[in-house]
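Below: the structure, in structure tokens.
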Amino acid sequence: MAESETKAPRGVRLVITLVGRTNAGKSSLLNAIAGQDVAIVSDIAGTTTDPVAKPYELLPLGPVTFYDTAGLDDTGELGKLRMAATRKVLWRTDIAVVVTDGSGLAAAERGIIADIRRLGIPFLVVFNKADQADPPQADLDWCLASNVRFVRASAATGQGATAVKEALIALAPAEAMREPMLAGDLFGEGDTVVCVVPIDLAAPKGRLIVPQVQVLREILDGDAVAVVVKERELEAALANLRRPPALVVTDSQVILKVSGDVPDDVPLTTFSTLFARYKGDLPSLVAGAAAIDSLKDGDTVLMAEACSHHVQADDIGRVKIPRWISQFTGKDLRFEVHAGHDFPDDLERFALVVHCGSCMLGRMEMVRRIRECARRGVPVTNYGVAISKVQGVLERVLRPVLR
């Protein structure tokens with residue numbers, strides 16, 4: 001297994017999900033694409049229950065994650081739960097593969113295709129088991145008339161596996177084909193970038209969090225000099241530099257102190273702000289932060305966390321930000337937390353969504369969340385932007401990244 005298959009952060013992987021009825025050959029097709037037995041294959045219907053993830057290197061896209069899912073025609077109470085799990089996976093899917101066999105596109109496939117289209121996910125139809133039967137001509141005609149890409153394949157013989165890979169590459173969002181930029185456009189070769197990393201109860205033991213690691217890697221890749229300090233040592237570190245840094249990036253939790261220590265003519269931003277433009281839609285998240293000014297007594301604010309973690313006594317999303325927003329507004333607000341990949345269906349009951357930095361989400365999943373909030377008329381912002389807003393430093397933090 002290539003190192004990038006296991007070492008690439010989950011949030012930067014392209015997610016490709018296989019959906020279809022039971023025994024359409026999804027698991028066999030996944031094995032054929034991967035060239036190894038990564039999914040359990042059986043003639044018994046319903047072998048795949050929960051979504052199964054398989055990291056893979058799909059060049060030239062790079063690291064991706066394939067998801068094999070339960071059959072669309074799964075029945076009973078457990079079947080409903082499995083279908084719900086499949087639809088949750090679609091929320092974080094970049095490309096969908098609708099797998100059917102010689103029986104063609106029935107109601108189950110048409111229904112999931114409607115869901116996929118509603119989410120704006122590019123998709124491919126694979127007519128599997130082509131060694132046993134030809135696809136119905138009516139379905140081929142429908143694909144052609146609807147401009148739906150399709151491939152004939154046989155997982156049993158390996159026929160079409162290469163064509164499926166080529167189709168997936170062709171369907172990949174354009175941004176997946178280019179190297180994403182997190183902070184590398186904000187400094188040049190030989191510049192110094194200062195990263196302010198608090199070490200408190202919320203800091204993971206013995207390591208840095210993903211945004212900090214990725215910014216540091218971009219500094220190194222850009223042949224710049226990285227200086228990493230805690231907020232208490234920042235003033236001394238700046239005094240020791242021969243010339244001002246090209247950029248200071250700080251954890252949002254200490255932005256108020258850091259903004260006071262960093263001269264106004266030195267560009268300053270936060271890791272979370274960088275991730276807001278890297279993973280989402282920064283202007284939309286900035287516009288969403290303005291809704292904090294309009295919050296009223298009794299409003300409910302959704303705190304959306306992309307990952308599950310052990311909650312500390314002064315947790316940023318569950319304690320600090322709710323406290324800061326309440327203090328800023330002076331209102332009696334309710335805060336509700338949703339963690340992991342689940343996103344509530346009843347968004348309309350929230351006055352505001354405050355999302356985490358999304359380091360564990362793919363860009364398209366985060367963009368879909370932002371779009372869904374817009375469609376429901378619910379303002380959305382993220383942790384870092386919201387913190388800078390209520391601390392009164394948002395304009396300064398945005399200055400380097402909204403030029």
- Selection from Cys356, Gly35, Thr329 lying farthest towards where the dipole of the chain points positive, charges on Cβ: Thr329
- Task: Give Lys54/Lys320; Lys88/Lys165; Lys205/Lys296 a once-over and call out the pairs whose C-alpha atoms are over 31 Å from each other.
- Result: Lys54/Lys320; Lys205/Lys296
- Farthest toward positive dipole pole in the chain [+1 Lys/Arg, -1 Asp/Glu at C-beta], among Leu58, Ile370, Val385: Val385
- Query: Highest mean first, what order results for 248-256, 214-222 on Cβ atoms within 10 Å?
  - Reply: 248-256, 214-222
- Over the stretch 150-275, what is the relative contact order in whole percent, taking alpha-carbon pairs under 8 Å and six or more residues apart? 26 percent
- Note on the structure: With +1 on the Cβ of every Lys and Arg and -1 on the Cβ of every Asp and Glu, the dipole magnitude of the stretch 263-335 about its Cα centre, in debye rounded to the nearest 20, is 200 debye
- Cα-projected label distance for Asp131 with Ala163, points at 7 Å along beta-carbon direction, nm: 1.5 nm
- Query: Ordering Cys195, Cys307 from largest to smallest accessible area (1.4 angstrom probe), what's the sequence?
  - Reply: Cys307, Cys195
- What are the residues whose amide H is under 5 Å from the amide H of Gln159, where those residues sit 5 or more places off or on another chain and H is modelled from the backbone? Ser154
- Residue-normalised value, i.e. accessible area per residue, for the chain at 1.4 Å probe, in Å², stands at 45 Å²
- Message: Rounded, prolate or oblate for the stretch 307-403? Axes are the square roots of the Cα gyration tensor eigenvalues, ordered a ≥ b ≥ c, and the cut-off for rounded is a/c under 1.5.
- Response: rounded
- Could you order Phe328, Phe150 so the one with the most accessible surface comes first? Probe is 1.4 Å. Phe328, Phe150
- Message: Among 163-171, 335-343, 374-382, how do they line up by average Cβ neighbours within 10 Å per residue, starting with the highest?
- Response: 374-382, 163-171, 335-343
- Where the accessible area of the chain is counted over protein heavy atoms with a 1.4 Å probe, how much of it, in %, is carbon and sulfur? 51 percent
- Query: Quick one: Cα centre-to-centre distance for the stretch 220-275 and the stretch 105-180, in angstrom?
  - Reply: 47 Å
- Query: By how many degrees, 0 to 90 and rounded to 10, does the Cα axis of helix 107-118 deviate from the longest principal axis of the chain?
  - Reply: 20 degrees
- Which of [x] 120; [y] 131; [z] 153 is the computed volume of the Cα convex hull per residue in Å³ for the structure on display? [z]
- Item | Residue-wise HN-Hα coupling along the stretch 244-257, computed from phi with Karplus coefficients 6.51, -1.76, 1.60 (Hz; x: Gly, Pro) | x, x, 6, 6, 10, 10, 10, 5, 4, 4, 10, 4, 5, 5
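The values are calculated or read from the model by the stated rules, or taken from the named source; none is laboratory data. Predicted, not measured: the structure shown is a model, and the values here were computed from it. Every residue, glycine as well, gets a Cβ built from its backbone with ideal geometry; the counts of neighbours run over all protein chains shown. Please note that ligands, DNA and RNA were not included when accessible areas were found on the heavy atoms of the full protein model with its side chains. Shrake-Rupley method; radii C 1.70, N 1.55, O 1.52, S 1.80 Å.
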